[in-house]
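Some notes on the structure that comes next.
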Ligand code: C2E
Ligand code: MG
Ligand code: MG
């Protein structure tokens with residue numbers, strides 16, 4: 001039940017000169033009822049008699065415009081869940097504790113359905129200053145289409161005008177707190193829409209309990225609610241405190257309701273500071289962003305809008321857009337670099353790893369660490385991935401004219417595995433180019449995503465069936481899973497450069513690499529060490545018997561023509 005502070009106007013019908021008799025007032029009231037959609041009433045506090053305008057009778061079960069026992073009738077008409085609060089609000093007026101109120105609650109209609117109303121009441125005092133009459137105006141909220149029928153909260157449409165008002169009225173400080181129910185879709189799917197609706201109504205009830213007079217609560221559609229708070233507070237982050245209060249109340253309600261199924265809420269807030277000349281309409285965008293961040297951070301948490309994070313987010317979107325334009329412009333700006341891979345037994349460069357580069361018009365050359373995640377997030381990695389495979393295979397064929405056994409390693413992302421017809425694309429390109437499949441190795445970075453219940457493992461097994469070589473990249477970081485090795489889907493293990501980086505100093509890293517190489521070899525897997533940077537590294541790792549080596553000691557990744565000039569057919573003497 002929302003309670004609003006109203007302007008304090010003291011009314012009095014008695015004592016003033018030329019004042020109206022009660023009957024006259026009732027007549028005026030009934031006539032006024034014909035000029036408005038609202039229901040007007042006057043209720044005598046002493047006799048409990050009440051006159052209500054005729055327009056209320058159509059929808060609500062009042063028997064006549066004259067009611068002799070208003071208290072009893074209201075007990076019938078008021079929604080049972082709202083009755084206690086109504087009694088409290090009325091008794092505050094009757095006891096003289098308040099001179100007016102504005103409350104929202106439900107009336108039961110003749111059709112048995114509840115309808116949300118807003119009831120504004122002013123007390124009229126007698127000559128001795130005692131409360132004598134209640135003069136009221138009841139607005140049916142649903143009619144104005146600004147009220148959500150399930151929760152009784154304002155709908156989003158009203159927020160725009162409230163925010164505009166906020167600006168016009170010159171509030172100095174205000175904030176929006178948006179609350180979302182975590183995993184609401186799953187709640188609906190698992191326990192049914194009815195249960196979901198109940199959760200929503202409960203959370204809204206908790207929010208209403210926690211807000212203060214004058215705060216406005218909206219339902220934003222779906223599982224999101226929003227509180228507009230317009231007041232000065234000395235606290236550092238009052239929105240956080242409000243969120244925490246709501247969360248505690250929700251927890252208590254869950255406990256009291258004996259629900260077996262717990263749910264949580266997330267919150268995001270943004271502050272309006274008129275002095276900074278900010279547009280209050282932007283507030284909503286920011287609040288939504290903050291809530292989104294809270295969900296990203298694992299839910300059941302609160303995030304206050306942060307400009308820097310927002311700017312980073314916008315910059316990422318912007319970069320994603322530029323990537324998309326590059327893709328649309330026939331992959332303009334994308335280029336493959338190649339890093340030599342040394343065949344240890346032959347002491348020769350017999351292959352290369354293709355590494356993607358992207359040159360932005362403004363930002364210049366960017367590292368794949370920056371833009372590959374963006375390609376993955378946006379799904380652009382799928383077309384770009386196809387381009388990479390084709391380009392690398394064609395380049396490899398050119399180099400084979402000079403170095404017939406030249407091999408190419410191509411990185412593929414888990415997104416390509418999960419969401420595209422990777423295998424048939426590869427087959428198609430190899431057929432088109434008449435490429436010998438033994439000369440290509442696809443590198444997959446090990447990650448939990450390969451086991452996410454999708455068909456990734458199935459796709460990888462098909463690589464094996466089609467005799468396509470597969471390597472595990474960056475092995476030893478994160479998800480090192482010996483199951484991969486056991487399933488023998490792979491032909492090559494690339495031990496992550498972080499192990500090689502310290503190998504001359506760390507006995508531990510040395511032993512891990514040594515043991516692992518032996519294990520891999522005993523299972524007929526080939527081993528490549530990445531990140532060989534110095535002569536010392538090289539001396540140290542040669543004793544461990546790797547099949548391939550890669551690293552800055554031999555060469556950095558370079559553009560195609562540089563590779564041809566500098567590294568093709570190159571041999572080493574180590
Ligand atoms: P990766 O596949 O493990 O590639 C090896 C990375 O290590 C490359 O970084 C390479 O420049 C770097 N590197 C090689 N030798 C040394 C060394 O001795 N010391 C040091 N510190 N670094 C060395 P790059 O090119 O920045 O690529 C980073 C990652 O981006 C790659 O790691 C791979 O996961 C991803 N990536 C690159 N190109 C592609 C691509 O075409 N497709 C996909 N899906 N991912 C790619
Ligand atoms: Mg790689
Ligand atoms: Mg790697």
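Taking the range 127-142 as the search range and keeping residues that are assigned to a strand (DSSP E or B) and under 42 Å from the mean Cα position of the chain (by Cα), which one is surrounded by the fewest Cβ atoms within 10 Å (Cβ to Cβ)?
Result: 137.
Does at least one position in the range 392-411 carry a residue that is within 16 Å of ligand 3 (Cβ to nearest atom) and more than 12 Å from residue 355 (Cα to Cα)?
No, that holds for no residue.
Which of (1) touching a strand residue (DSSP E or B) at 6+ places or on another chain (Cβ under 9 Å); (2) under 27 Å from residue 492 (Cα atoms); (3) away from ligand 2 (no atom under 16 Å from the Cβ); (4) modelled with pLDDT of 95 or more is the odd one out, the single condition residue 345 does not satisfy?
Condition not satisfied by residue 345: (1).
Out of 168, 164, report the one residue that is modelled with pLDDT under 95, assigned to a helix (DSSP H, G or I), loosely packed, with under 14 Cβ neighbours inside 10 Å and in contact with a helix residue (DSSP H, G or I) (Cβ under 8 Å, 6 or more places away or on another chain). It would help to see each step written out before you state the result.
Details: 168 fails: in contact with a helix residue (DSSP H, G or I) (Cβ under 8 Å, 6 or more places away or on another chain).
164 is the lone residue from the list that is modelled with pLDDT under 95, assigned to a helix (DSSP H, G or I), loosely packed, with under 14 Cβ neighbours inside 10 Å and in contact with a helix residue (DSSP H, G or I) (Cβ under 8 Å, 6 or more places away or on another chain).
From 467, 556, grab the single residue that is on the phi > 0 side of the Ramachandran plot, modelled with pLDDT of 90 or more and surrounded by fewer than 17 Cβ atoms within 10 Å (Cβ to Cβ). Walk me through it before giving the result.
Values: 556 fails: on the phi > 0 side of the Ramachandran plot.
None of the others qualify; the one that does is 467.
Consider the range 559-574. How many of its residues are assigned to a helix (DSSP H, G or I) and surrounded by fewer than 19 Cβ atoms within 10 Å (Cβ to Cβ)? Full working, then the answer.
Narrowing the range 559-574 to residues assigned to a helix (DSSP H, G or I): 560-566.
Going one step further and asking which of them are surrounded by fewer than 19 Cβ atoms within 10 Å (Cβ to Cβ), we end up with 560-562, 564-566.
Residues that pass the stated criteria total 6.
Can you tell me which residues in the range 431-448 are at pLDDT below 95 and either within 16 Å of ligand 2 (Cβ to nearest atom) or under 28 Å from residue 401 (Cα atoms) (or both)?
Step one: filter the range 431-448 for residues at pLDDT below 95, giving 444-448.
Scanning the range 431-448 gives 444, 445, 446, 447.
Listed residues 97, 104; which is over 30 Å from residue 21 (Cβ atoms) and either touching a helix residue (DSSP H, G or I) at 6+ places or on another chain (Cβ under 9 Å) or assigned by TED's automatic domain parsing to the domain that holds residue 38 (or both)? Before the answer, list the steps.
Working: 97 fails: over 30 Å from residue 21 (Cβ atoms).
Exactly one of 97, 104 is over 30 Å from residue 21 (Cβ atoms) and either touching a helix residue (DSSP H, G or I) at 6+ places or on another chain (Cβ under 9 Å) or assigned by TED's automatic domain parsing to the domain that holds residue 38 (or both), namely 104.
Taking residue 378 as meeting all but one of (1) within 13 Å of ligand 1 (Cβ to nearest atom); (2) within 24 Å of the chain's Cα centre (by Cα), write down the number of the exception.
(1)
Which residue out of 346, 377 is surrounded by fewer than 18 Cβ atoms within 10 Å (Cβ to Cβ) and either farther than 21 Å from residue 564 by Cα or not assigned by TED's automatic domain parsing to the domain that holds residue 389 (or both)?
Details: 346 fails: either farther than 21 Å from residue 564 by Cα or not assigned by TED's automatic domain parsing to the domain that holds residue 389 (or both).
Of 346, 377, the one residue that is surrounded by fewer than 18 Cβ atoms within 10 Å (Cβ to Cβ) and either farther than 21 Å from residue 564 by Cα or not assigned by TED's automatic domain parsing to the domain that holds residue 389 (or both) is 377.
If you check residue 426 against the conditions, is it closer than 16 Å to residue 463 by Cα, more than 13 Å from ligand 1 (Cβ to nearest atom) and buried (at least 18 other Cβ atoms within 10 Å of the Cβ)? Outline the logic, then answer.
Values: closer than 16 Å to residue 463 by Cα: yes; more than 13 Å from ligand 1 (Cβ to nearest atom): yes; buried (at least 18 other Cβ atoms within 10 Å of the Cβ): yes.
So residue 426 fits the description; yes.
If you scan the range 250-274, which residues turn out to be surrounded by fewer than 19 Cβ atoms within 10 Å (Cβ to Cβ) and either touching a strand residue (DSSP E or B) at 6+ places or on another chain (Cβ under 9 Å) or modelled with pLDDT of 95 or more (or both)?
Within the range 250-274, 264, 273, 274 meet the criteria.
Return a yes/no flag: does the range 442-449 have any residue that is over 30 Å from residue 315 (Cα atoms) and more than 15 Å from ligand 1 (Cβ to nearest atom).
Among the residues of the range 442-449, not one is over 30 Å from residue 315 (Cα atoms) and more than 15 Å from ligand 1 (Cβ to nearest atom), which makes the answer no.
Can you find, within the range 400-423, the residue that is nearest to ligand 1 (Cβ to nearest atom) among those that are out of contact with any strand residue (DSSP E or B) (no Cβ under 8 Å at 6 or more places or on another chain) and farther than 19 Å from residue 446 by Cα?
Step by step, filter the range 400-423, then rank; the result is 421.
Any chance the range 455-469 includes a residue that's under 21 Å from residue 335 (Cα atoms), without any contact (Cβ under 8 Å) to a residue 40 or more places away in the chain and within 15 Å of ligand 2 (Cβ to nearest atom)?
The answer is no; no qualifying residue exists.
Is the range 274-297 home to any residue that is assigned to a strand (DSSP E or B), in contact (Cβ under 8 Å) with a residue 24 or more places away in the chain and within 27 Å of the chain's Cα centre (by Cα)? Full working, then the answer.
First pass over the range 274-297, keeping only residues assigned to a strand (DSSP E or B): none.
Checked the range 274-297: no residue is assigned to a strand (DSSP E or B), in contact (Cβ under 8 Å) with a residue 24 or more places away in the chain and within 27 Å of the chain's Cα centre (by Cα).
What about residue 499, is it surrounded by 13 or more Cβ atoms within 10 Å (Cβ to Cβ) and within 16 Å of ligand 2 (Cβ to nearest atom)?
Numbers: surrounded by 13 or more Cβ atoms within 10 Å (Cβ to Cβ): yes; within 16 Å of ligand 2 (Cβ to nearest atom): yes.
It is true that residue 499 is surrounded by 13 or more Cβ atoms within 10 Å (Cβ to Cβ) and within 16 Å of ligand 2 (Cβ to nearest atom).
Assess whether residue 476 counts as being within 15 Å of ligand 2 (Cβ to nearest atom) and at pLDDT 95 or above.
Working: within 15 Å of ligand 2 (Cβ to nearest atom): yes; at pLDDT 95 or above: no.
Here the answer is no, as residue 476 does not meet what is asked.
Would you please name the residue that is farthest from ligand 1 (Cβ to nearest atom), looking only at residues in the range 511-530 that are buried (at least 19 other Cβ atoms within 10 Å of the Cβ) and modelled with pLDDT of 95 or more?
Of everything passing the filter in the range 511-530, 517 is farthest from ligand 1 (Cβ to nearest atom).
The values are calculated or read from the model by the stated rules, or taken from the named source; none is laboratory data. Worth saying up front: this structure is predicted, and the values here are computed from it rather than measured. Glycine gets a Cβ as well: all are built from the backbone with ideal geometry, and neighbour counts include every protein chain shown.
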